[in-house]
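Okay, so here's the structure we're looking at.
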Amino acid sequence: MQTRKDYILSLEADKWLFHADVLVDKAHVVMLKGQGIIKKKDVTAILNCLKKIDSEYFVEHKLPSYEDVHTAIESVLIREIGEDMGGRMHTGRSRNDEVATCIRLALRTELLEILKAVNELRKVVIEKAAENVDTVMPGYTHLQHAQPTTFAHHYLANADTFARDFTRVMSAYERVNVSPLGAAAFASTGFPIDRDRTAKLLGFDSVLENTMDAVSTRDFIIEVISCYANLMTNLSRLAEEIILWSTSEFDFVRVPEGYVTGSSIMPQKRNPDYAELVRARTGTVYGSLMSVLSICKALPYSYNRDLQEVTPHLLTATKTTASSVSVMKSIVEELELKKEEMARKAQIGFTTATELADTIVRETGFSFRTAHKIVSSLAKRGVAIKESGEVLREIDDVAISVVGKKLSKHGLTEKKLTKALDIASNIEKRNVKGGQGKKELRRMLRTRKADLDRDIKSRDTKEEKVKRCLDELEKEVKRKARVIRVIRKIRS
Ligand code: ARG
């Protein structure tokens, strides 16, 4: 049974923010010292105690049960070193700017991981495409056989999709990695704090200036979960196709052993549960997005406790997205392709009809619409693709009823017809920009690999910057914390 107080607690979801909170505390205290707002002895005591709290309290989750992580850490600090020293940490700030800063820090780390995972997924998708330039399969519209294609073209489509997801998350990162710290409750503070200094110490790219905006906005969260929702939509298509392709009806792929489960009653079953859960959890992420939008809607300025309710949704959406990306990467990496079956099925459903109509246009000079009518009548007759002489006779027969003329009398030869009905030459002919001909596929593979290398570098640069700043902060903390040990040694 929950107590009245339990209703407003956020300590559970705040565990995610624990390390970020200690970092924020450290940076704030270092800045307060730099500005001469608190004295050296208080600073060293606070920093030493924060180190202890960071290592001891988090591991065992033994923070006392206060309203939230911020109050809990401050109260442990005060319990350990007394209110006269510990009570100075919160000078010139509020939990409102503190929590907003913590969320941005924790989210930044997760985004860097997600960006890395998306790039790993892109890498395996591109590799699979490169290995399958010659792997023929049916291409679909309306899930009906449409035209022949290659596995490479199909997977390069996924590669481009995930490249856009990368760009979207990377762009959102720009709006996440800004510092609201120093906004205090919303009105800033009369203490001469240095907001640029704390932003720099924490590896933020800039300060979120307007202090009322800084504590009130969660638009960066809405933006990030929107990016997740898009990414999950794309993952769900990949998952859905693998589910379909693994059925006896398609039989294009074998889902790797580690990503199927058996049935409690049917001994033969290999169910693609992982891909199914990626598909389902896309819904979970949409749910998080709707929740966050609804919570933030029409909230008056500035901070309202409603905002606390946003954080768990962000955490759920983040964890769900991150794990889904890596599950799909492993499935794609280990997926076994049944190439012969794919190629066999590419023949079914008159997939060369478009090329046949195109050939009629090229060879006879009839308009495309006329050629379409002729081939459409041919298809309705249910002509199986057999010996080309026979097909030519059938086409002539149809053409007489559609246009009153025989196509063989207007330039259509058996040789051209054979080519039109050949799957490989159908594919090869489509060499316009972005098409599925080998030349284009190879060009796209080259540029996609180069784009991926560039994106890996730009993501790594962000991570290195953060690491550099946080290392610098730790050094600063060590320098200031050391003083107390020296003093203690002299005293003893
Ligand atoms: N736990 C709160 C949150 O997540 C921290 C800020 C509380 N501020 C306040 N004025 N009550 O939003």
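Taking region 272-308 and a reference point 7 angstrom along Cα→Cβ of MET212, the backbone N atoms nearer than 12 Å belong to 300-303.
For the pair THR461 and LEU293, the difference between a 0.36 nm per residue extended length and the Cα-Cα distance amounts to 57.3 nm.
The residues of the chain have, on average, 48 Å² of accessible surface per residue, using a 1.4 Å probe with all protein chains present. Here each label is just a point 7 Å from Cα along the line to Cβ, and for GLU127 and ARG468 those points are 3.1 nm apart. Computed in the context of the full set of protein chains, the accessible area of the chain at 1.4 Å probe radius has 53% of its extent on carbon or sulfur.
Which whole-number percent of Cα pairs in region 413-489 have a distance greater than 17 Å? In whole percent, the long-distance tail amounts to 71.
The calculated FRET efficiency for VAL361 paired with HIS19, based on their beta-carbon distance and R0 = 56 Å, is about 0.25. Beyond a 29 Å Cα-Cα separation, which of these cross-linked pairs lie in this structure: LYS128/LYS416; LYS33/LYS116; LYS39/LYS200? Check vs 29 Å cut-off fails for LYS128/LYS416; LYS33/LYS116.
Given just the C-alpha atoms of the chain, how large is their convex hull per residue in cubic angstrom? Spell out each step's value before the answer.
Numbers: hull volume 101.4 nm³, N = 492.
Convex hull volume per residue, Cα atoms: 206 Å³.
A straight chain from ALA280 to SER248 at 0.36 nm per residue would run longer than the Cα-Cα distance by 9.3 nm.
For the pair SER171 and LEU9, what calculated FRET efficiency results from E = 1/(1 + (r/R0)^6), where r is the Cβ-Cβ distance and R0 = 51 Å, to the nearest 0.05? Can you show the working numbers first?
Details: r = 35 Å, r/R0 = 0.68.
It comes out at approximately 0.90.
Name the residues of region 272-288 whose amide N is less than 18 Å from a point 7 angstrom out from the Cα of GLU113 along the C-beta direction? Hits in region 272-288 for GLU113 at 18 Å: 285.
Please compute one quarter of the surface area of the Cα convex hull for region 391-453 and express it in square nanometres.
Details: hull surface 22.2 nm².
Mean orientational projected area (region 391-453, Cα hull): 5.6 nm².
Overall, the ratio between the Cα radius of gyration of region 180-318 and 2.2 N^0.38 Å, rounded to two decimals, is 1.56.
The mean of 1/r over all distinct Cα pairs in region 1-146, once inverted, gives the Kirkwood hydrodynamic radius of 18.6 Å.
The values are calculated or read from the model by the stated rules, or taken from the named source; none is laboratory data. Predicted, not measured: the structure shown is a model, and the values here were computed from it. Cβ sites come from the backbone with ideal geometry, for glycine too, and all protein chains shown count toward neighbours. Surface areas here come from the heavy atoms of the whole protein model, side chains and all, with no ligands, DNA or RNA. Shrake-Rupley method; radii C 1.70, N 1.55, O 1.52, S 1.80 Å.
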